[in-house]
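As structure tokens, the structure follows; a few thoughts come after it.
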Amino acid sequence: MKCRICSLSTTLFDEAVVLKKYRVKYYWCENCGFMQTEKPYWLDEAYSRAITKSDIGLIGRNLQMVTPTRKLILTCLEPTDKFVDYGGGYGIFTRLMRDQGFDYYRHDPLCENLFAGGFEASSNIRYTLLTAWEVFEHLENPLDEIEEMLSYSHNLFFSTVLLSTSLEPLDQWWYYGLEHGQHIAFYSHKTLQIIAQKFRLKTHFSDGRLHFIGDPAVPPFLIKLAFSERLSWLQKRMQRTAPPSLLASDFQALTGKVLK
Ligand SMILES: [Zn+2]
């Protein structure tokens, strides 16, 4: 089987039972460190719900991502630009970021937009940053999908848990998601580097779970500031440059009523 990232031959890593009934083969690429399942024929069943019942981390994850995204935008990008949450599910993150004052839009053709109605992303607009939370591990053809993401923005800030260098057995790592069958692509640090190179981008930041791949022109010292925990002056600067919440004006546009 060919690697879906670098096209070289993969080796069979192991087999596991997915969705309690399908015996699925997992292949590993020695060249780029990418792990993929065999062709995922079970996805229709896996996505009978777009968001799995077992994804109880959904709300917490969206909340957690607000602060790092806010820091990244306020430090390295133009806060009054437009942003897109790709694979944005119910629109929770888009809503949260709009509450924070950022002109955010939701992209997700597979899921109902419950919280960010009226703020659907458009493929005709270039966005300054694209966020994609827990999307990459769902991709059947990552390169095609990443290319699609890049048509929205050249800065990708996303989460996916990377494989450790000693590959975890299939029955011992929760992230393989055997019970819901939606995780079919697993990346290593090297995989991300190769993806970035392929699209002439730079891996600016990666902590094993959160990754920022984007425009090589973003200065490294700003990246360092954006992901630093320590600098209190940065927080002051962020407060100074932070725009006011869009919640009230959005509410008024939607209902004609003033939110008090
Ligand atoms: Zn590969």
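Summary table
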| item | result |
| --- | --- |
| Candidate aspartates and glutamates for bridging to LYS21, where Cα separation is under 18 Å - those fewer than 8 sequence places away on the same chain excluded | GLU38, ASP44, GLU45, ASP171, GLU179 |
| Coil-residue trypsin sites (Lys or Arg not before Pro) of segment 1-98, DSSP, other Cβ within 10 Å capped at 13 | LYS20, LYS21, ARG49, LYS53 |
| Cysteines in the chain lacking a second Cys C-beta under 4.7 Å | CYS76, CYS111 |
| GNM top mover of GLY60, GLY33, GLY118 - the chain, alpha-carbon springs below 10 Å | GLY60 |
| For the chain, with +1 on Lys and Arg beta carbons and -1 on Asp and Glu, the positive-most of GLY33, ALA196, PHE212 along the dipole | PHE212 |
| Karplus-derived HN-Hα couplings along segment 83-100 (A = 6.51, B = -1.76, C = 1.60, θ = phi - 60°), whole Hz, x at Gly and Pro | 9, 9, 9, 8, x, x, x, 5, x, 4, 5, 4, 4, 4, 5, 5, 4, 7 |
| Sequence-distant residues sharing a close amide H with GLU120 (under 5 Å, placed H) | ARG106 |
| For segment 183-260 and segment 87-166, distance of Cα centres in Å | 12 Å |
| Where Cα atoms sit under 22 Å apart: lysine pairs in segment 90-248 separated by 8 or more or lying on different chains | 5 |
| Tilt relative to the chain, helix 189-198 - C-alpha long axis, 0 to 90 degrees, to 10 | 70 degrees |
| GNM result for the chain, Cα springs below 10 Å: residue of SER232, SER188, SER166 fluctuating most strongly | SER166 |
| Using θ = phi - 60° and Karplus 6.51 cos²θ - 1.76 cosθ + 1.60, couplings along segment 20-34 (whole Hz; Gly, Pro as x) | 6, 8, 9, 7, 10, 8, 10, 10, 10, 9, 5, 5, 10, x, 8 |
| Degrees, to the nearest 10: 58-76 long Cα axis against longest axis of the chain | 60 degrees |
| Sites matching trypsin sites (Lys or Arg not before Pro) across segment 168-234 that sit in DSSP coil, with at most 14 neighbouring C-beta atoms within 10 Å | ARG200, ARG209, ARG230 |
| Segment 100-175: C-alpha gyration tensor shape, a/c 1.5 cut-off, then a/b vs b/c | prolate |
| Cβ-placed point charges (K, R +1; D, E -1), dipole of the chain about Cα centre in debye, nearest 20 | 880 debye |
| Sum of -39500 (n - 2.57) over DSSP H runs of 4+, divided by residues of the chain (222 nm, nearest 500) | -8500 deg cm²/dmol |
| In degrees, nearest ten, helix 142-152 long axis to first principal axis of the chain (Cα) | 10 degrees |
| Karplus (6.51, -1.76, 1.60) ³J(HN,Hα), θ = phi - 60°, over segment 126-134, in Hz, Gly and Pro reported as x | 8, 9, 6, 9, 10, 9, 8, 8, 6 |
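Here, each number is a calculation from the coordinates, and none is a lab measurement. From a predicted model like this one, the values you see are computed outputs, not experimental measurements. Note: ideal-geometry Cβ built from the backbone for every residue, glycine included; neighbour counts use all protein chains shown.
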